[in-house]
Amino acid sequence: MLPEKKQVFPDTIERFNKSQRIQHIILLVSILMLTLTGFPIKYAQSDGAKFIVSLFGNFDNMFRVHLTAAVMMIFSAVLHIIWLVKMFKNSGPKWSMVPTFKDVRDGYQHGLYLLGIRKERPQYGRYTYLEKFEYLAVIYGILLMGFSGFLLWFPNISAIFMPRWVIEMFRIAHSNEAVVCFLAVVLGHFFWVHFNPDVFPSSLVWINGKIPKHHLKEEHPLEYEQLTELYEDVDHRHEEAPSPFARSLPLIVIELCIYVSLFVFLLSVFVPKLFA
Amino acid sequence: MKKKRLGFKVLLFIILAVLSYSLSQVAVKRSPSPSSVAVEPQSSTLCMSCHAKEQYAQEVSPLSLRQSTHQSLMCSDCHLAVHQKTVNLKLDMNNQCMSCHAAQFQDKNIHLDALKGGAGALCTDCHGAHDIKGVNDPTSTVYKLNVHDTCLKCHSGMSEAYHYGFHGTAVDLGSMKAATCTDCHGTHGILPPTDPKSTVAAANVPTTCAKCHTTPQLNFAQGTEHITPYDKGKDGAFPLWIIWKFFMGLILFDILKDCSIAIFELIQKFRHRKEKNKDNRNTWDI
């Protein structure tokens with residue numbers, strides 16, 4: 001028997017519930033603090049490093065904040081696992097985040113769309129192939145940064161299990177994976193949730209958990225279709241207007257300039273390092 | 001006749017005076033001539049009456065003397081062999097230091113090979129001379145946060161690797177806890193790693209690390225110290241180099257993926273901008 005249909009399709013749909021939002025905010029704050037207190041260690045010779053250390057008073061204080069934020073990051077991961085287990089128990093397993101063959105096809109079609117060969121975007125479900133990739137990247141990042149971080153935090157314990165040169169390898173991994181995470185957040189994640197003209201200056205999903213109907217329809221058409229089956233009246237009168245920046249020419253042009261110059265700058269920095 | 005003789009004597013005196021004065025000037029400029037100055041043991045003011053002059057100020061500045069930890073000493077306490085050309089001042093000075101600081105000379109110290117004419121460093125090379133300061137003075141050359149610069153004056157090859165390591169990084173950022181050169185290598189008993197008594201001889205490394213890292217793990221000695229991923233050719237650098245390259249690849253993948261998606265998304269947004277305007281009456285265009 002089908003569940004009874006609800007009356008009217010709302011203007012906004014809850015995309016992330018309270019627990020998910022709390023997990024995200026804990027992860028966000030921890031990564032922000034880890035980046036702020038970690039990069040001065042990586043780039044200790046720069047003036048900026050000395051300035052940030054002075055903000056914390058001294059190096060030991062800053063380092064303590066780094067370790068505290070690291071525990072916070074692990075805590076957010078633990079919270080996520082607990083939430084996953086609870087959710088699976090309560091409402092049955094949901095596999096919407098698991099990559100499928102469709103995601104490979106979506107990626108290919110998105111590529112064609114970006115190059116102007118294909119006219120329409122791929123039809124995404126609840127999570128786009130990029131969001132799934134990002135989720136996996138976060139798991140990989142937390143595992144690597146957390147594991148290597150703990151090895152470096154307690155060298156006299158890690159030296160029970162491995163020679164010093166392996167610990168040193170993990171230090172280099174820790175130091176460089178930090179840049180990978182930072183770039184993935186600033187270039188990738190921030191584009192979709194902040195700089196994307198459709199949601200500029202910020203998507204509000206991370207605060208109130210709600211995604212506007214029109215945005216859901218555009219970005220996650222398959223999920224939208226699934227949801228429409230639950231409602232009798234889908235064409236709601238008060239459709240929320242898209243963001244005022246969605247089609248703003250100056251914004252698009254300025255962002256293009258920034259991204260192109262960032263692209264050129266980053267390539268000029270890291271390509272020589274790869275081939276050095 | 002008498003007047004003539006007197007005039008001659010006066011002239012001779014003047015000539016001699018000018019000559020001796022100018023000779024003394026030349027002598028001072030070249031090198032101190034022996035026994036040209038009679039030193040009263042109790043007086044530094046006599047020394048300073050010449051040595052505080054501008055032309056010597058680089059050697060002995062009255063200000064740095066007054067601020068040094070030896071401020072209460074007389075010049076002659078250290079400079080016993082004053083103005084003796086034949087003495088190697090630097091070597092001789094080591095003995096003068098020893099007369100008070102004998103304890104610092106008890107251990108075998110590779111730096112003191114300099115006394116036998118080999119490579120090494122003497123007291124003043126690390127501690128400075130007239131501006132010598134105590135080890136707890138933040139302006140001292142041997143202060144915890146400065147001593148690596150003092151060591152790196154000679155051991156410049158270590159610079160990059162020391163600053164790359166976490167110990168060096170933390171010290172650079174002002175940590176008083178992290179190890180600097182002397183914490184591992186010692187101070188007045190520094191020996192090369194080939195010497196079995198050295199704190200950094202392979203067999204002793206675990207104990208040396210355990211000074212801070214509580215337990216002397218044998219694994220602490222398993223790996224090359226003072227090495228960076230950039231020292232491709234050096235022993236033990238390969239594993240670090242390969243990890244570094246792997247992550248450079250990952251970073252480039254990040255840049256290529258995220259930047260190009262963002263750039264092409266924006267280009268598509270730009271292209272489809274007008275089409276959308278036709279469909280949607282609700283134009284919020286800026």
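Here are some notes:
- Cβ-Cβ under 6 Å pairs, at least 6 apart or on other chains, region A:170-190 side facing another protein chain (nearest Cβ under 9 Å) and β-branched (Val, Ile, Thr), far side buried (at least 21 other Cβ atoms within 10 Å of the Cβ) and part of a helix (DSSP H, G or I): A:Ile172/B:Leu240; A:Ile172/B:Trp244; A:Val179/B:Ile251; A:Val180/B:Ile251; A:Val180/B:Asp254
- Taken across region A:149-171, residues that are over 28 Å from A:Arg64 (Cα atoms) and in a helix (DSSP H, G or I) do not occur at all.
- Every test in (1) among the aliphatic types (A, V, I, L, M); (2) open to solvent by 30 Å² or more (accessible area, probe 1.4 Å); (3) under 15 Å from the mean Cα position of the chain (by Cα) is passed by A:Ile117 save one, and that test is (3).
- Selected residue (criterion: most open to solvent (accessible area, probe 1.4 Å)) from residues of region B:218-228 that are polar (S, T, N, Q), at the interface with chain A (Cβ under 8 Å from one of its Cβ atoms) and not in a helix (DSSP H, G or I): B:Gln222
- Leading residue by the ranking (farthest from B:His101 (Cα to Cα)) among those in region B:188-217 that are more than 8 Å from every other protein chain (Cβ to nearest Cβ) and open to solvent by 80 Å² or more (accessible area, probe 1.4 Å): B:Ala203
- From the list B:Asp195, B:Asp231, B:Asp235, the one residue that fits, being at pLDDT below 90 and farther than 30 Å from A:Ala49 by Cα, is B:Asp235.
- Within region A:184-220, the set of residues being open to solvent by less than 40 Å² (accessible area, probe 1.4 Å) and among the aromatic types (Phe, Trp, Tyr) comprises A:Phe191 only.
- The combined condition, being surrounded by 14 or more Cβ atoms within 10 Å (Cβ to Cβ) and out of contact with any strand residue (DSSP E or B) (no Cβ under 8 Å at 6 or more places or on another chain), is fulfilled by A:Glu223.
- Among the residues making up region B:125-142, a single one is among the hydroxyl-bearing types (Ser, Thr, Tyr) and surrounded by fewer than 17 Cβ atoms within 10 Å (Cβ to Cβ): B:Thr139.
- Region B:229-240 - residue that is more than 9 Å from chain A (Cβ to nearest Cβ) and crowded, with 18+ Cβ neighbours inside 10 Å and, of those, nearest to the chain's Cα centre (by Cα): B:Asp231
- Taking the listed residues B:His163, B:His167, the one that is under 21 Å from B:Ala237 (Cβ atoms), buried (at least 19 other Cβ atoms within 10 Å of the Cβ) and without any contact (Cβ under 8 Å) to a residue 24 or more places away in the chain is B:His167, with no other qualifying.
The values are calculated or read from the model by the stated rules, or taken from the named source; none is laboratory data. What you are looking at is a predicted structure, and each value in this text was computed from that prediction instead of being measured. Virtual Cβ from ideal backbone geometry, glycine too; neighbours counted across all protein chains shown. Ligands, DNA and RNA are excluded from the accessible area calculation, which covers all protein heavy atoms including side chains. Shrake-Rupley method; radii C 1.70, N 1.55, O 1.52, S 1.80 Å.
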